[in-house]
Amino acid sequence: MKHLLYGALAILLSVGSAGAAGPKAAEPQQVEMSTSKGKIVLELYADKAPQTVKNFLMYVDSRFYDNTIFHRVIPSFMIQGGGFTGDLQRKSATGSAIKNEADNGLKNDRGTIAMARTGDPHSATAQFFINSKNNDFLNFKRKDVQGWGYAVFGRVVKGMQVVDTISQAATGVRGPYRDVPIEPIFILSVRRLK
């Protein structure tokens, strides 16, 4: 009887210790962005920005970003893409605007990817930008129009030199748009890696 009691106790302790460790955290989703200047691998943080990552991956999976361009490039600031074709025709977003998740604790530091939007804090759809330097003024401050900031949802884990090359592109004015690369810089495809 004593042996059975010790055996049962040993089983309970082993189950308890296995449960204490908790489930293994899921690895962040990665995507590979192939551009006309090289490849960029991005790690996405669904734990911090679930709706933003879900929205971005919806556009990735539908191949919305294929053959779009980086249409706004400002050196020592950021590179923006995800909304225009090579002849500067605006692509209509297929999804609804999403809630701004900039209050998630992530900062607009060099190498992070964030959602572009209009003056309405909750207007982001398909367009995104990659910070080429730390841009603290884009971070969340408070929940009002001036303070919401821009929602970071991932970061570059490979190919930052490609971001730097794109950020140094010569730009000009094309129609109503400023800071447009003179030689179009294409996003050829964006695909999930794992």
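If a paramagnetic tag sat 7 Å from the Cα of Lys143 along the Cα-Cβ line, which residues of the stretch 90-133 would have the backbone N under 15 Å from that point? From the stretch 90-133, the list is 99-105, 121-122. Evaluated over the Cα positions of the stretch 32-137, the convex hull gives a direction-averaged projected area, one quarter of its surface, of 6.7 nm².
Stokes-Einstein diffusion for the chain at 25 °C, viscosity 0.890 mPa s, with a Kirkwood radius from C-alpha pairs, works out to 135 µm²/s. For the stretch 116-194, the Cβ-based charge dipole about the Cα centre amounts to some 380 debye (Lys, Arg positive; Asp, Glu negative; other atoms uncharged).
Build a GNM of the chain with springs between Cα atoms under 10 Å apart, and of Thr68, Thr165, Thr85 the one that fluctuates most is Thr165.
Taking label points 7 Å from Cα along the Cα-to-Cβ direction, His122 and Val173 give a separation of 3.6 nm. Once the Cα-Cα distance is subtracted from the 0.36 nm per residue extended length, the Gln161 to Leu188 segment shows a gain of 8.0 nm. In the chain, the longest principal axis of the Cα atoms and the axis of helix 50-61 are about 60 degrees apart.
Calculate what fraction, in whole %, of the accessible area of the stretch 96-194 sits on carbon and sulfur atoms when a 1.4 Å probe is rolled over the protein chains. Write down the numbers at each step before the final one.
Numbers: 2660 of 4950 Å².
With neighbouring chains kept in place, the figure for the stretch 96-194 is 54 percent.
For an R0 of 41 angstrom, estimate the FRET efficiency from the Cβ-Cβ distance between Glu27 and Asp103 and round to the nearest 0.05. For Glu27 and Asp103, the calculated efficiency is 0.95. Angle, helix 2-21 long axis vs. longest principal axis of the chain, Cα atoms, 0 to 90°, nearest 10? So the inclination is approximately 10 degrees.
Within the listed set Pro184, Pro176, Pro75, the residue fluctuating most in the Gaussian network model of the chain (springs between alpha-carbon atoms under 10 angstrom) is Pro176. Accessible surface for the stretch 90-194, divided over its residues, is 52 Å² per residue with a 1.4 Å probe. Between the residues Ile69, Phe137, Gly154, the greatest Cα displacement towards the positive end of the dipole of the chain, with unit charges on the Cβ of Lys, Arg, Asp and Glu, is found for Gly154.
Along its first, second and third principal axes, ordered by size, the stretch 79-170 spans 35, 29, 21 Å in Cα coordinates. Note on Ser36 and Gln51: their simple-model spin labels are 3.5 nm apart, each label 7 Å out from Cα toward Cβ.
Under a model in which nothing but the beta-carbon of Lys, Arg (+1) and Asp, Glu (-1) is charged, the chain shows a dipole of about 200 debye around its Cα centre.
The values are calculated or read from the model by the stated rules, or taken from the named source; none is laboratory data. Keep in mind that what you see is a predicted model, and the values were worked out from it rather than measured. We place every Cβ from the backbone using ideal geometry, glycine too, and count neighbours over all the protein chains shown. Just the protein is used for accessible areas: all its heavy atoms, side chains included, with ligands, DNA and RNA removed. Shrake-Rupley method; radii C 1.70, N 1.55, O 1.52, S 1.80 Å.
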